[in-house]
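**Q** Have a look at this one.
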Amino acid sequence: MAQGLFSRVALLLAVAAPGGMALQAAIRPRALAPALFRSTSASRSFGKKVQSRRRAIMDMSAAGSDVRVRFAPSPTGTLHVGGARTALFNWLKARKEGGKFILRIEDTDLARSTRESEESMIADLRWLGLDWDEGPDVGGDFGPYRQSERSHIYKECADKLIAEGHAYPCFASEEELEAQRAEAEAKGENFVYPGTWRDADPKTVEEKIKNGDPYVVRFKVPPGARVEINDLVRGQVGWDAEAMVGDFILLRSSGVPVYNFCVAVDDATMGITHVVRAEEHLSNTLRQGLVLEALGYRMPTYAHASLILGEDRSKLSKRHGATSVDQFKREGFCREAMINYLAGLGWNDGTDKEIYSVPEVISAFSIDRIVNSPSMFDMQKLKWVNSQHVRAYTPEALGALLAPLLASASGLFEDGEFGPHPLQPSDKFVNLVVSASQDKIETLQDAVSLAKTVLSYPFLATVESGAADEILNEGDFKELTSALVAAYDAGSLPGTHEDPAAFSEEQWKGFVKGLGKELGRKGKRLFHPVRLAVTGTMSGPDVGLQASLVSEASTMKGLVTGAVVPLSERMELLRSWTEAKGNCPEQPVQGAGSGSGKGGKKKKKKLLARDVLTSAGLELLGANPRELNRILDDFRAGREKAPKGEKEATKSGGGAKGGEAAAGGPILEGLAAEAVQMDIRVGTIVKAWPHPDSDKLWCEEIDLGEPEPRTICSGLRAYYSEASELEGRSVCVLANLKPRKMAGVSSDGMVMCASSEADGVVKFLEPPAGAVPGDRVSFEGLGAAPEPAGRAKGSKIAEKVVFA
């Protein structure tokens, strides 16, 4: 019967096992069950290689000085942060104490394990710089180093356990086990296999094996056995084996060994002295300890590090963002920063030091400084650590890291016949990117983004965003842009007409200095407008450095079309913009011409609604929307004052009231003339209700042909007292306005209407006949007859206008 069982196991597994070593952890059985088999043939059948392995491990144990640690990933995905930290802690111990770091691949999960995943993990470990002394690719005296190649070792260990009575075949069916499990759950008890086949009649067992009945091989847990370890992180930890796990499975019915059996055998036969791993493996120590004791091996010393949590205090996972080493690499994090940060997730050296070089981490590391409380993964802290390492690089070292990223960056360089653009770390372009970015970036990809921004020219986008309002509102920005364009035309603007490769930052500094003298500008009145005009941005690296980078890129081959906007093209665009804005009302106040006012500065005329609500004034929509919003807010609130001369004319009957436009004058005419710039749509008021916090406003849901109706607030409570007067009405809505709060309610648009002081009635702008919700319309007039001079109430006509 024993021979039949051994032949069955021979088809399943295989391992060598040396004889008894002194236990480091205490495994104390109160009584040992009688062995199922007494045959000693299996335990004496180790070959020369097995005996040699045993002697080597025993020699190491006797010496007591050769630290052997391992990292044993399962190749079922990518190397994530937790696995990388485990590998790092083991690597640091080996390097600190002159020991061996072993890479072992646990690929017994055949359905999920892939060689691609293994290669990916190995590549990530290499990128981190965690080199190993033994492993599947470098070999070693205790291989093979893939579990899938160690079946002969598992087989010999399984034979030994069965022969010496520490394991037995179990023929319990899944249906029987499920019924027993349900019964235990009904009683509120933890299910433990009751050991039905533990002491079965050997003849019955042999008969079932001969009949080919399926079975698993279970470990026979000694009655009363307790496993205890002195964990280097958690202190004394112990388990009551019989109560917690019962007789657990070593081999499945398919013949595949279970995880804990493989790990115990591998740690034993590879002579692992210390196991540093995550706390989620702590419970596995119980089963592994029992197997090691039964095989006669000493247990390694264990250290179980706490979990890594996301910022929401849950276990770190993909939903928290990047979690794999490869992701961090692609996002531009440096290996030194990753090692620095990962080491600090659960370990510290007792000081306030936060930035370490790799040699400093090795020197300071000690397992007894690993804490037993969870660590929180803080992405912002990692970015800060990375930025400190970036700043510490030599320019040459940073250039070597940036060159391949720049060469392969999307939208920058074109791929050639043989792959990415052959950009070299020594190229001037790379050196300039290093100079422009080193003190400003958090990740290496930030340098790529910065380079793209410098080579582009987002002038119009910056102007339209409102970010440049302070410069534009000075009133004399066009004076500077005109001077730059004139210098370009005269051939004196560096980097535009001569060989761009000859451009230097010194040339640029000299030019800007001369420009300042010519215009009587200095300090921020000179440098800020020059930055906006030349780079199209409000901040960034030194302007001369940016101009140098643009000039260098202009001479390079392989750049994606449009990736760089040369200085010459920038000047042409600036010329067009300056000419287009030539008629915009940005004139100094009368009597405050050049050199007048405090310090000789020009004073900007405060624009009024009458200035901007005209065909010329509405050109400001694209250049200065925030200023236009300010003008209209003043107009609506009655804060707008007419100049003194206009007030006198009004008093004598010669004009409109201060703050009001003449009837049918520039406000209405301007809006009508520029309707093409506004998104006016037909809508239907579906529902109306009084504003909860304002007695002047109605809230309306208006169907504009969009998936959902819009909520719009309008100041119509004084004119319409009932919701029924509004609901169902077709209206025109200015739909491309910036949403804003009106007494706490967000309003997304404006219902277009006009009112007359003569009759106190608001007239809606009527949509064209046949128009349906969503139709875009424009008008010759605004749907309300012009009132006599001085009678159109402008504050109602322009009510709540906000241009996006």
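**Q** Mind listing whichever residues of segment 234-246 are surrounded by 21 or more Cβ atoms within 10 Å (Cβ to Cβ) and either more than 19 Å from A172 (Cβ to Cβ) or charged (D, E, K, R) (or both)?
**A** Here is the first cut: in segment 234-246, the ones surrounded by 21 or more Cβ atoms within 10 Å (Cβ to Cβ) are 241, 245.
If the condition is that a residue be surrounded by 21 or more Cβ atoms within 10 Å (Cβ to Cβ) and either more than 19 Å from A172 (Cβ to Cβ) or charged (D, E, K, R) (or both), then A241 is the only one that fits.
**Q** Could you give every pair whose Cβ atoms fall below 6 Å, whose first residue belongs to segment 247-264 and is touching a residue at least 24 places away in the same chain (Cβ under 8 Å), and whose second residue is part of a loop (DSSP other than H, G, I, E, B) and acidic (D, E), counting only separations of at least 6 or pairs across chains?
**A** Close Cβ pairs satisfying both conditions: none exist.
**Q** Among V276, V227, V217, V258, which is the only one that is modelled with pLDDT of 90 or more, closer than 25 Å to Q180 by Cα and open to solvent by less than 10 Å² (accessible area, probe 1.4 Å)?
**A** Values: V276 fails: closer than 25 Å to Q180 by Cα; V227 fails: closer than 25 Å to Q180 by Cα; V258 fails: open to solvent by less than 10 Å² (accessible area, probe 1.4 Å).
Result: V217 is the single residue among V276, V227, V217, V258 that is modelled with pLDDT of 90 or more, closer than 25 Å to Q180 by Cα and open to solvent by less than 10 Å² (accessible area, probe 1.4 Å).
**Q** Moving to a separate point now. Please identify the pairs in which a residue from segment 510-531 that is touching a residue at least 40 places away in the same chain (Cβ under 8 Å) and more than 13 Å from A483 (Cβ to Cβ) has its Cβ atom under 7 Å from the Cβ atom of a residue that is part of a helix (DSSP H, G or I) and open to solvent by less than 50 Å² (accessible area, probe 1.4 Å), counting only partners at least 6 apart or on another chain.
**A** Partner pairs satisfying both residue conditions: H528/I471.
**Q** Next question, about the same structure. Report every pair of residues separated by at least 6 positions or lying on different chains whose Cβ atoms are under 8 Å apart, first residue within segment 341-368 and over 26 Å from G235 (Cα atoms) and open to solvent by less than 50 Å² (accessible area, probe 1.4 Å), second in a loop (DSSP other than H, G, I, E, B) and not acidic (D, E).
**A** Short answer, once both residue conditions are applied: V358/G129.
**Q** I would also like to ask the following. Specify the residue that is nearest to G332 (Cα to Cα); the eligible residues are those in segment 115-140 that are among the small types (G, A, S), open to solvent by 30 Å² or more (accessible area, probe 1.4 Å) and part of a helix (DSSP H, G or I).
**A** The extreme case among them is A123.
**Q** For residues that are among the polar types (S, T, N, Q) and at pLDDT below 80, tally how many sit in segment 664-717.
**A** Residues in segment 664-717 being among the polar types (S, T, N, Q) and at pLDDT below 80: 1 in total.
**Q** Which condition breaks for V448 when tested against (1) under 39 Å from the mean Cα position of the chain (by Cα); (2) among the hydrophobic types (A, V, I, L, M, F, W, C); (3) within 19 Å of L573 (Cα to Cα)?
**A** Evaluating V448 over (1) under 39 Å from the mean Cα position of the chain (by Cα); (2) among the hydrophobic types (A, V, I, L, M, F, W, C); (3) within 19 Å of L573 (Cα to Cα) leaves (3) as the failure.
**Q** Among what's in segment 86-104 and is in contact with an Asp or Glu (Cβ under 7 Å, 6 or more places away or on another chain) and surrounded by fewer than 24 Cβ atoms within 10 Å (Cβ to Cβ), pick the residue that is nearest to V258 (Cα to Cα).
**A** F101
**Q** Restricting to segment 409-458, name every residue that is touching a Ser or Thr at 6+ places or on another chain (Cβ under 7 Å), farther than 22 Å from G536 by Cβ and either in a helix (DSSP H, G or I) or not acidic (D, E) (or both).
**A** Once the filter is applied, which keeps residues that are touching a Ser or Thr at 6+ places or on another chain (Cβ under 7 Å), farther than 22 Å from G536 by Cβ and either in a helix (DSSP H, G or I) or not acidic (D, E) (or both), segment 409-458 yields only P420.
**Q** Looking at segment 158-276, what strands (runs of 3 or more DSSP E) fall wholly within it and have at least 2 residues that are closer than 30 Å to Y302 by Cα and over 45 Å from the mean Cα position of the chain (by Cα)?
**A** Values: elements: 167-170, 216-219, 226-231, 235-240, 249-251.
Output list reads 167-170, 216-219.
**Q** Restricting to segment 95-148, what's the tally of residues that are among the aromatic types (F, W, Y), in contact with a helix residue (DSSP H, G or I) (Cβ under 8 Å, 6 or more places away or on another chain) and under 18 Å from R68 (Cα atoms)?
**A** Matching residues across segment 95-148 total 3.
**Q** Looking at (1) open to solvent by less than 30 Å² (accessible area, probe 1.4 Å); (2) closer than 18 Å to T535 by Cα; (3) in contact with a Gly (Cβ under 8 Å, 6 or more places away or on another chain), which is the only condition V430 fails?
**A** All conditions are met except number (2).
**Q** Give me the helices (runs of 4 or more DSSP H) completely within segment 300-369, filtered to those with at least 2 residues that are touching a His at 6+ places or on another chain (Cβ under 8 Å), ordered by residue number.
**A** Answer list for segment 300-369: 335-343.
**Q** Oh, and also: Taking the conditions exactly as written (among the small types (G, A, S), over 18 Å from M270 (Cβ atoms) and modelled with pLDDT under 90), does A111 satisfy them or not?
**A** yes
**Q** Could you check segment 680-700 and list, in sequence order, the residues that are under 24 Å from R776 (Cβ atoms) and open to solvent by 60 Å² or more (accessible area, probe 1.4 Å)?
**A** Within segment 680-700, V686, K687 meet the criteria.
**Q** Going through segment 143-163 one residue at a time, which ones are touching a Ser or Thr at 6+ places or on another chain (Cβ under 7 Å) and surrounded by fewer than 20 Cβ atoms within 10 Å (Cβ to Cβ)?
**A** Just the residues of segment 143-163 that are touching a Ser or Thr at 6+ places or on another chain (Cβ under 7 Å), to begin with: 147-148, 153, 160, 163.
The answer is S148, and nothing else.
**Q** Another question, if that's okay. Could you list, in sequence order, the residues of segment 178-214 that are among the basic types (K, R) and either out of contact with any Leu (no Cβ under 9 Å at 6 or more places or on another chain) or exposed (fewer than 13 other Cβ atoms within 10 Å of the Cβ) (or both)?
**A** Selection gives R181, K187, K203, K208, K210.
**Q** Now a separate question. Exactly one of these conditions fails for L282: (1) open to solvent by 10 Å² or more (accessible area, probe 1.4 Å); (2) under 42 Å from the mean Cα position of the chain (by Cα); (3) under 20 Å from G224 (Cα atoms). Give me its number.
**A** Among (1) open to solvent by 10 Å² or more (accessible area, probe 1.4 Å); (2) under 42 Å from the mean Cα position of the chain (by Cα); (3) under 20 Å from G224 (Cα atoms), L282 violates only (3).
**Q** Can I ask one more? Can you list the helices (runs of 4 or more DSSP H) found entirely within segment 497-580 that contain at least 2 residues being in contact with a Pro (Cβ under 9 Å, 6 or more places away or on another chain) and closer than 24 Å to V434 by Cβ?
**A** Values: elements: 505-519, 524-535, 543-554, 567-580.
Once the helices (runs of 4 or more DSSP H) in segment 497-580 are filtered for at least 2 residues that are in contact with a Pro (Cβ under 9 Å, 6 or more places away or on another chain) and closer than 24 Å to V434 by Cβ, what remains is 505-519, 543-554.
**Q** Right, another one. From the list L406, L398, exactly one residue is over 29 Å from M571 (Cβ atoms), outside any loop (DSSP other than H, G, I, E, B), in contact with a helix residue (DSSP H, G or I) (Cβ under 7 Å, 6 or more places away or on another chain) and open to solvent by less than 20 Å² (accessible area, probe 1.4 Å). Which is it?
**A** L398
The values are calculated or read from the model by the stated rules, or taken from the named source; none is laboratory data. Note that the structure is a prediction, hence the values are computed from the model and not measured. All Cβ positions, even for glycine, are placed from backbone atoms using ideal geometry, and neighbour counts span all protein chains on display. Protein only, heavy atoms only, side chains kept; ligands, DNA and RNA dropped before computing areas. Shrake-Rupley method; radii C 1.70, N 1.55, O 1.52, S 1.80 Å.
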